[in-house]
Amino acid sequence: MQLLWLRFVQFYLTIGFKFYYKKFNAIYLEEVPKDKAVIYLSNHQNALLDPLLITIKSTRKNYFLTRAAVFKNPSVAKILNSLQMLPVYRMIDGVDIRKKNKEIFTKSAELLHKKKSIILFPEGSHDIKRRVRPLKKGFSRIIEETLQKYPKTDIVIIPIGVNYQSPTEYGDEITVYFGNHISAKEFWNDNNLDFNGISNAVTIELKKLTTHIDPLNEYEEKLNKLKQLNVDFTNPVSVNDCISKDFEYSGEKKKSDSKLYSIFKALVKTFYFVPYLIWKKMAFPKVKELEFVGTFRYALIITLAPIFLLITVLTLSVLFGKTIGLTVLLIGILLPLLTLRLK
């Protein structure tokens, strides 16, 4: 039942992404192993969308380490647990973080010993800035505990770069890069893990797999230059090359939205006026961080929009007949799909 549930959720989320994103691609520099313990280590720009996007493209049924704050509601916690999410605690959670996180790290070590796969965000938090931040030690402690308890475990580290063109916008384009594999045992010596060595190796790979703007005090200036060049942020190789060559860009340039797209987008808002008003007037004003804009909008699209469409179709079918109802159903499905293709 658990596997069936996970497959259903993954299928539903995948369908939802087709109604939310114009392009959603994955690039694999190496094939993801199916019979080994895997730790995915990703940059983290876009709150809860990042792990969902990764797991859909990863080819594995993954466990997630997620900040404990989202587990506070018991009902929500049940759902998250059913999706194989594990809480990671911080000082602000008001618990003994050393004890609580030790339990999670032990659980993670057991999962890796059983050749499961885990998604972590080693930067420790989300940030919409296009840069790789210093990594926390949580992932390396999990690896160390695993190898201390189960020294024969072959742990494969797969760095991931999640790249958004415009992370807060509807109809965005995304590419998820699964990077070159790193063997944890390369950093294992005398029953200890080389924390600095493994962190540096992962950081180097992450900086290749996503746009990295450095130093921080020049971030806005460099970002504005990249935007003026209309760079394709879903291709981090070309963008990082542009930065290294003093903003000489040879990659594909992104075009502005067409007038036809703007018209169809207005039609989508008109058709789904109730979900749109709930988003615009009720949900969006409560979003305090830009990193959560996409998450909340996507959540509303995959919940309220289908419910609104179903109620509308059933009402019109009763009042005016099945032909009208089915026609509206087709419009409700095809209109947003066509709109995204026109962007």
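At a glance:
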| item | result |
| --- | --- |
| With eigenvalues of the C-alpha gyration tensor scaled by 5 and rooted, the stretch 169-314, Å | 39, 24, 14 |
| Ordering of 135-147, 29-41, 317-329 by burial proxy (mean other Cβ atoms within 10 Å per residue, highest first) | 135-147, 29-41, 317-329 |
| Paired Rg and Dmax values of the stretch 32-151, which use every Cα atom, in angstrom | 14.0, 38 |
| Where only C-alpha atoms are counted, convex hull volume of the stretch 135-248 per residue in Å³ | 127 Å³ |
| Descending semi-axes in Å of the stretch 70-226, equivalent ellipsoid built from Cα gyration tensor | 28, 22, 15 |
| Estimated inter-spin distance, S183 and L267, nm [label 7 Å along Cα→Cβ] | 5.7 nm |
| Stretch gain in nm, segment Y150-K129, where the contour uses 0.36 nm per residue and the Cα spacing is subtracted | 3.8 nm |
| Under-5 Å amide H pairs with A26, H placed in peptide plane, nonlocal only | V176 |
| As computed over the stretch 230-296, the Cα convex hull volume per residue (Å³) | 125 Å³ |
| Under-5 Å amide H pairs with N43, H placed in peptide plane, nonlocal only | I160, V162 |
| Mean Kyte hydropathy of -1.0 or more with a Cα span along the axis of at least 20 Å, helices from DSSP in the chain | 2-18, 97-113, 195-209, 293-320, 322-342 |
| Per residue convex hull volume, Cα atoms of the stretch 301-343, in Å³ | 54 Å³ |
| 5 angstrom amide H check on R67, placed H, neighbours 5+ away | V88 |
| Sum of -39500 (n - 2.57) over DSSP H runs of 4+, divided by residues of the chain (222 nm, nearest 500) | -15500 deg cm²/dmol |
| Within the chain, percent of DSSP bridges classed antiparallel, to nearest 5 | 30 percent |
| Directionally averaged shadow of the chain, computed from the convex hull of its alpha-carbon atoms, nm² | 20.1 nm² |
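Here, each number is a calculation from the coordinates, and none is a lab measurement. It should be emphasised that the depicted structure is a prediction, and the values quoted were computed from it without experimental measurement. Neighbour counts run over all protein chains shown; Cβ positions are idealised from the backbone, glycine included.
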